[in-house]
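Reading through the structure tokens given below for one structure.
What follows is calculated from the coordinates using simple rules that are stated; it is not laboratory data. These numbers come from a predicted model, not from an experiment. Positions of Cβ are generated from backbone atoms using ideal geometry, with glycine treated the same way; all protein chains shown enter the neighbour counts.
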Amino acid sequence: MFLMIHTISTIPTTIPSPLTLGKYRIAALPRALPCGQFAAQVSIASGVGSASTARVMRFDSAFPTHAAAADYGLAQGIDWVHDTTRLAARPN
């Protein structure tokens, strides 16, 4: 006889795959809040080895789902990369 134990988790076990835009890798890092909602965070990394840099942006807004927080984080990361590369391409 087997006893099955079911567990219910409000925190998803999958994390969206990182997105690559040019030299930047963007990854959403939503985190669960004590109230049951989710906070958006995004990691933006570039480079390799000792020449690598990474930044994490955290946002104040709370989202009802993990997916909504992930979508917001990715959108903000994409905007940051576009703004950064547009400024770098601008002639002085």
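Rounded to the nearest 0.05, what FRET efficiency do ALA89 and LEU33 give with R0 = 41 Å and r taken as the Cβ-Cβ distance? Could you check? Each step should come with its number before you reach the end.
Values: r = 38 Å, r/R0 = 0.92.
The computed FRET efficiency comes out at 0.60.
With R₀ fixed at 25 Å, the C-beta to C-beta distance from SER43 to HIS82 puts the FRET efficiency at about 0.90.
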